[in-house]
1. Is it the case that residue A:112 is surrounded by fewer than 24 Cβ atoms within 10 Å (Cβ to Cβ) and either more than 7 Å from every other protein chain (Cβ to nearest Cβ) or modelled with pLDDT under 95 (or both)?
2. Search segment A:119-143 for residues being surrounded by 18 or more Cβ atoms within 10 Å (Cβ to Cβ) and more than 23 Å from the chain's Cα centre (by Cα), and hand back the single one that is nearest to the other protein chains (Cβ to nearest Cβ).
3. Regarding segment B:38-46, can at least one residue be identified that is within 12 Å of chain A (Cβ to nearest Cβ), farther than 30 Å from residue B:284 by Cα and outside any helix (DSSP H, G or I)?
4. Filtering segment B:76-97 down to residues that are more than 7 Å from chain A (Cβ to nearest Cβ) and free of Cβ contacts under 8 Å to residues at least 60 places away in the same chain, which residue is nearest to the chain's Cα centre (by Cα)?
5. Within segment B:5-37, can you find the residues that are within 12 Å of residue B:117 (Cα to Cα) and within 14 Å of chain A (Cβ to nearest Cβ)?
6. Among A:422, A:391, A:383, which is the only one that is surrounded by fewer than 19 Cβ atoms within 10 Å (Cβ to Cβ), in a helix (DSSP H, G or I) and either in contact (Cβ under 8 Å) with a residue 60 or more places away in the chain or at the interface with chain B (Cβ under 10 Å from one of its Cβ atoms) (or both)?
7. Those residues that are closer than 16 Å to residue B:104 by Cβ and more than 8 Å from chain B (Cβ to nearest Cβ), I need them from segment A:443-454; list them, please.
8. Looking at (1) crowded, with 18+ Cβ neighbours inside 10 Å; (2) without any contact (Cβ under 8 Å) to a residue 24 or more places away in the chain, which one does residue B:235 not meet, given that it meets all the others?
């Protein structure tokens, strides 16, 4: 393997790992802020003690996750220069600005106010302390916006010109209002709410079933988290659907690839499963729902959806000879199904849990055995998030910036395969090691902490 | 004054902020070596609320370099590939350590994370010294702005000397910060004795480093740099004296000025270059051939003018909130 493929692998591993924590940060920061607002506005003394403990409880889980997200995020920022120097040269005029703005407008807020929040319980007024966590939530979600502005340009360049062999920014406003950003950001935001909320559901359910003393308070967080997550999952589905429809115009190759539609059809069928043969550019076997793909794209049962082979021909006419099909159609196809499938399953689980906590509240004890098993479902949102990013990024290949620069020419020319092997193994090993320790710390903390009236 | 110069100054400001703020964080982290558990806990608590915000100065300096001088970002980060890898590992372990060390109460757990903080503070301090020296000393950069040397080119004696010098300077700075933040009088006196030793060692290495750099680089070619470095050395000496007589506030101010003037002097020596090529002066990266377009520079200038003062305000406020000295009671449960 050469430095290029190793660099891609390294970027994929570190991004997916980073994005295990990011959605939790996005969603859980808002949830903790809501909890603290509830605490600040609550009445009786006993209630306040318990609510404060609850804020600190979920706050601690948030902090463990937050720390992992922050440190792995620095790696991502450095990567663009370390492994992708020719990309940085070509794109610096455009890509650097949102990255610097992310640090200037979001990271500073996040990092300063998280410090104030952690250590400021006795030093700040209750209201000010609550504002701190809201600012952390704001900063986190703003940083996601900036990085997705940058990513959206790579998926769908706007507001630029090519001068002296590099992309230069002609219109910052256009960059920020790229329609692609709307789809990506809203989808990521709702994914964050779903993930953070689902985490709270799982933890609350488990505490309800295993910790009698703290039970009552976790029933209350469970009720809130169920609504929060329900809202998130519906949002993810809605924005995802709209974004896919938008892809039909903005990046039809990506759309056709994750649906493995090789030939242009009108109306196009939706393949539920397919045995994809990328070499001969067709599916050797598939089970389809007739007209369904057309319906998903056009909201009607007639209408053309372009296939990969025609799009390849169009790309050759536009960019010259070359292979413009994402090189892992099979992976994209199954990732999409994994994402949608886990999303649907989450909606189902959240719905069932909602029925339990709202309509079976008094007989909730009969269902403790089910609640106790909820942690087994925790991987669901993380699978969906990772699969989603895989589709977004693999679907961009062979381009690093669609239509402007290919991934193959973007890699740092001075790197040897050995050097990238060292860092690839190093990052992966340290990341695995830290994951074990962080999960261990979180689980121990969750098991031990009681939410009772005692101070 | 064109925008390229403005951005050279802004990058200087960001790196100055980074070295001053993370300088004492790294110093405090390194000073934990060999300390008993309750003292380490106090040290961590002293920087606990602010280290994350301080680290963002580095991230912003990196991001701003990317935005304003993308070729510098590209060349520098790909050149220092393995060094940055090592630094990232150190920063990762250190950042997680602050969060996880207090989560479980058994000794091995805390000791491990405290080691991570020490390691994670030492490595970046050393490597920034190495990197900064190499920028000025020159690296084999070809006409395409590509680094054509190997890892060992980065680890020359002069650069290592720069690395050790940074470690000592940050230790000195960190000790001065701690003597402002710790309540235990006996401990503060001990830290101030340490600070004096670090200050003396810093002065010696400063002299050696300056002498070697004067031979190997053109650092002393500009009068302004000479003046700034002279002020810097004088500040270190003043800081030494202040630590000796027990004036913590003056000592910390002195080491702050020492770092600020050192950074300023260094960037003035570089100007208008940012990365020097040892192959040919024509291949050096400077504020014009490495820069973004005026359009982007203008946009970023507006953003910096608006947001940097705001950041300074709320960060200053957070230091004010945490102005109290740390008592052993503050950390009894950590």
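1. No.
2. A:119
3. Here is the first cut: in segment B:38-46, the ones within 12 Å of chain A (Cβ to nearest Cβ) are B:44-46.
With farther than 30 Å from residue B:284 by Cα added as a condition, the list becomes B:44-46.
With outside any helix (DSSP H, G or I) added as a condition, the list becomes none.
Scanning segment B:38-46 turns up no residue that is within 12 Å of chain A (Cβ to nearest Cβ), farther than 30 Å from residue B:284 by Cα and outside any helix (DSSP H, G or I).
4. B:87
5. B:25
6. The conditions single out A:422.
7. Answer for segment A:443-454, where residues must be closer than 16 Å to residue B:104 by Cβ and more than 8 Å from chain B (Cβ to nearest Cβ): A:443, A:446, A:447, A:448, A:449.
8. Among (1) crowded, with 18+ Cβ neighbours inside 10 Å; (2) without any contact (Cβ under 8 Å) to a residue 24 or more places away in the chain, the lone unmet condition for residue B:235 is (2).
The values are calculated or read from the model by the stated rules, or taken from the named source; none is laboratory data. Since the model is a prediction, treat every value here as computed from it, not as a measurement. Here Cβ is always computed from backbone atoms with ideal geometry, including for glycine, and neighbour counts include all displayed protein chains.
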